[in-house]
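Note sheet for the following structure.
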Amino acid sequence: MFARAVAPLGAAGTRLAWRTAGVAMVLHWLQGLRSATLLDYLGARPLGFHLAGLGGLLLVALGPRLALLVPLAAAWSWLCYAVPAGAAGPMVKVVDEYALFALLPLLAVASACVTWSEGHIGDRGRPAESAGQRWVLRICVTAALGFAALHKLNTDFLAPATSCADLAGRLSEFWAVPAPTPAPWTLVALEALAVPLLWFYPRLGLLWTLALVAGLGHIGPAAFNTLLLGAALGFVPERDVAALAVTLRRRGLWLALAGLVLLSISHALYRGPNNWSIFAVFQAVLLLAACLAAVGLRDAAGSWSFAPRRSRLRLPGGPHHRSFAVATIALLLALGSSPYLGLKYRYSFAMLSNLRVDDARWNSLIVPRQIRLTRHDPFVHVLRVEPALPRGKKREPVLAPGVYSSDEFRRRFEAARRHQRRSALELRYHGQLLKSPDLAADLNILGFVESLPGAPLYQPALTLRAPQPCIH
């Protein structure tokens, strides 16, 4: 058992995909460093945060091994739980992409154990083991991209005035390059079409995904887009990885020189708030993936061939692994559908989507309101504050008409009471209307606020009736 735990998992292609995922974990750790000293940074974040980064570094160096993936899965799963609960400290915020960071190692561990339970052990079991690992990578990137596209199919994302698709504006914050503003539907198309291309035309799908993550990663979330690219590498045939190794041996020096030129240009154009080295690593990964796509699209005679090669869509392994695969699909469907079901919003691949699925606003063009399992949403709907409360200290929250999570409402209510002004408050919670003539002195409304349960897996503040601007 010890030998299995420390042995590398899968074949060369699988290991390349997991090493890319390790780079993503290291980049996530580096994103918070910025101008802080290393000692201050280590002290400001919880141990699990640093273990996830260290595990990513070891994943790059050693490749995927059960002895490494188990603590990685534990560290990321702990972050998914501890950050919303406040146990990770104020410096670590809820990040929706933590779900994918946790799911990949967690499902990889489960896949390896199920494969071994079917007798696929050692060198003879390597193809089955690799197939299971590839399937985990494929199904995770499919869920992330598929649900990201589905959630964006709403009236507020597709409206240019409110859409989160303002990539050109965000790109100009990081890079001194002109960029046209794409129509919101083009981003939906990029994410949605990546899924069938990866499954049925994997080489073209890799090029498509490469273009998608290159654009999104350069506006800030380089770590998450590196992770998406790493998972997409699970679709690349093994022979392409072997061809890449040959190309790197023959032309590695020229590729390194080209990379240095590109990185020099990148450094000259960069003007963003993060450490440029994060984007330098991200761009190096993009260059390597572009080389992999290029060698895969060349035929045996050395000429370019864009004829697609189909990838079989089937569940891998024996009966135990197929049962595991079906359970995994059910889990991912539940995670991605949870906003519409009324169960949660965070960790559902719904970031940067403008999605609203609450009592005040249901803007999805695809999913009907009738599928929600709960009668009412968990938000506090503030209908009226009269007279309006003034803005206090810098960044102090203001209690005004809007839709708030219970935690955010409590924070704004406490700030409002500090003004000690007589203001009437009218709100709705779980369909019940509550009115208070004086929010600063009414003990009934104070008791209501204290009784509110926490709701960390929902958006903190939303509009009441107006279209929803971009929410992260």
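The values are calculated or read from the model by the stated rules, or taken from the named source; none is laboratory data. Predicted, not measured: the structure shown is a model, and the values here were computed from it. Glycine also receives a Cβ, built like all others from the backbone with ideal geometry; neighbour counts cover every protein chain displayed. We work out accessible area using only protein heavy atoms, side chains counted, and drop any ligands, DNA or RNA first. Shrake-Rupley method; radii C 1.70, N 1.55, O 1.52, S 1.80 Å.
I'd like to check something: does the stretch 367-385 contain any residue that is in contact (Cβ under 8 Å) with a residue 24 or more places away in the chain, hydroxyl-bearing (Ser, Thr, Tyr), closer than 29 Å to Ala85 by Cα and not in a loop (DSSP other than H, G, I, E, B)? No; the residues of the stretch 367-385 include none that is in contact (Cβ under 8 Å) with a residue 24 or more places away in the chain, hydroxyl-bearing (Ser, Thr, Tyr), closer than 29 Å to Ala85 by Cα and not in a loop (DSSP other than H, G, I, E, B). Contact map, the stretch 312-338: residues that are modelled with pLDDT under 95 paired with residues that are among the acidic types (Asp, Glu) and surrounded by 12 or more Cβ atoms within 10 Å (Cβ to Cβ), Cβ distance under 9 Å, separation 6+ or inter-chain. Pairs shown: Gly317/Glu118; Gly318/Glu118; Pro319/Glu118; His320/Glu118; His321/Glu118.
Among the numbered conditions (1) in a helix (DSSP H, G or I); (2) touching a strand residue (DSSP E or B) at 6+ places or on another chain (Cβ under 7 Å); (3) open to solvent by 60 Å² or more (accessible area, probe 1.4 Å), the only one that Phe409 does not meet is (3). One residue alone among Glu118, Glu97 is in contact (Cβ under 8 Å) with a residue 40 or more places away in the chain, touching a Phe, Trp or Tyr at 6+ places or on another chain (Cβ under 6 Å) and surrounded by fewer than 22 Cβ atoms within 10 Å (Cβ to Cβ), and that residue is Glu97. Once the stretch 191-231 is narrowed to residues that are of a type in the set (Val, Ile, Thr) and surrounded by fewer than 24 Cβ atoms within 10 Å (Cβ to Cβ), the residue that is farthest from Arg298 (Cα to Cα) is Ile219.
Filtering the stretch 134-154 down to residues that are of a type in the set (A, V, I, L, M, F, W, C) and under 11 Å from Ile366 (Cβ atoms), which residue is surrounded by the most Cβ atoms within 10 Å (Cβ to Cβ)? Going through the qualifying residues, I end up with Leu150. The helices (runs of 4 or more DSSP H) found wholly in the stretch 123-211 and carrying at least 1 residues that are among the small types (Gly, Ala, Ser) occupy 126-152, 167-174, 184-200. Selection within the stretch 337-354: residues that are over 13 Å from Leu103 (Cα atoms) and of a type in the set (Gly, Ala, Ser). The member of this set that is most open to solvent (accessible area, probe 1.4 Å) is Ser337.
Within the span defined as the stretch 430-445, one or more residues are of a type in the set (S, T, N, Q), modelled with pLDDT under 90 and either in contact with a helix residue (DSSP H, G or I) (Cβ under 6 Å, 6 or more places away or on another chain) or open to solvent by 40 Å² or more (accessible area, probe 1.4 Å) (or both). Checking each residue of the stretch 279-287 against the condition of being open to solvent by less than 10 Å² (accessible area, probe 1.4 Å), in contact with an Asp or Glu (Cβ under 9 Å, 6 or more places away or on another chain) and at negative phi gives no match.
Please count how many residues of the stretch 1-19 are open to solvent by 10 Å² or more (accessible area, probe 1.4 Å) and either touching a Cys at 6+ places or on another chain (Cβ under 8 Å) or in a helix (DSSP H, G or I) (or both). Full working, then the answer.
Of the stretch 1-19, the ones open to solvent by 10 Å² or more (accessible area, probe 1.4 Å) are 1-8, 11-12, 15-16, 19.
Add one more test, that the residue is either touching a Cys at 6+ places or on another chain (Cβ under 8 Å) or in a helix (DSSP H, G or I) (or both), and what stays is 2-6, 12, 15-16, 19.
Adding up the residues that qualify gives 9.
Checking each residue in the stretch 20-42 for being open to solvent by 30 Å² or more (accessible area, probe 1.4 Å) and within 20 Å of the chain's Cα centre (by Cα) picks out Val26, Trp29, Leu30, Gln31, Leu33.
Which one of Arg421, Arg465 is basic (Lys, Arg), open to solvent by 70 Å² or more (accessible area, probe 1.4 Å), over 23 Å from Ala85 (Cβ atoms) and within 32 Å of the chain's Cα centre (by Cα)?
On the way: Arg421 fails: within 32 Å of the chain's Cα centre (by Cα).
Step by step, each of Arg421, Arg465 is checked, and only Arg465 is basic (Lys, Arg), open to solvent by 70 Å² or more (accessible area, probe 1.4 Å), over 23 Å from Ala85 (Cβ atoms) and within 32 Å of the chain's Cα centre (by Cα).
Within the stretch 434-462, if we keep just the residues that are without any contact (Cβ under 8 Å) to a residue 40 or more places away in the chain and not in a helix (DSSP H, G or I), the residue that is nearest to the chain's Cα centre (by Cα) turns out to be Leu434. Cβ separations smaller than 7 Å between residues 6+ apart or across chains give the following pairs from the stretch 143-161 residues that are closer than 12 Å to Ser337 by Cα to residues that are in a loop (DSSP other than H, G, I, E, B) and of a type in the set (A, V, I, L, M): Leu150/Ile366; His151/Ala350; His151/Leu355.
This table checks each residue for (1) open to solvent by less than 50 Å² (accessible area, probe 1.4 Å); (2) of a type outside the set (A, V, I, L, M).
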{"residue": "Ala44", "(1), (2)": "yes, no"}
{"residue": "Phe49", "(1), (2)": "yes, yes"}
{"residue": "Val70", "(1), (2)": "no, no"}
{"residue": "Pro84", "(1), (2)": "yes, yes"}
{"residue": "Ser130", "(1), (2)": "yes, yes"}
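Within the stretch 260-299, the set of residues being closer than 13 Å to Gly217 by Cα and either β-branched (Val, Ile, Thr) or over 25 Å from the mean Cα position of the chain (by Cα) (or both) comprises Ile278, Val281, Val285.
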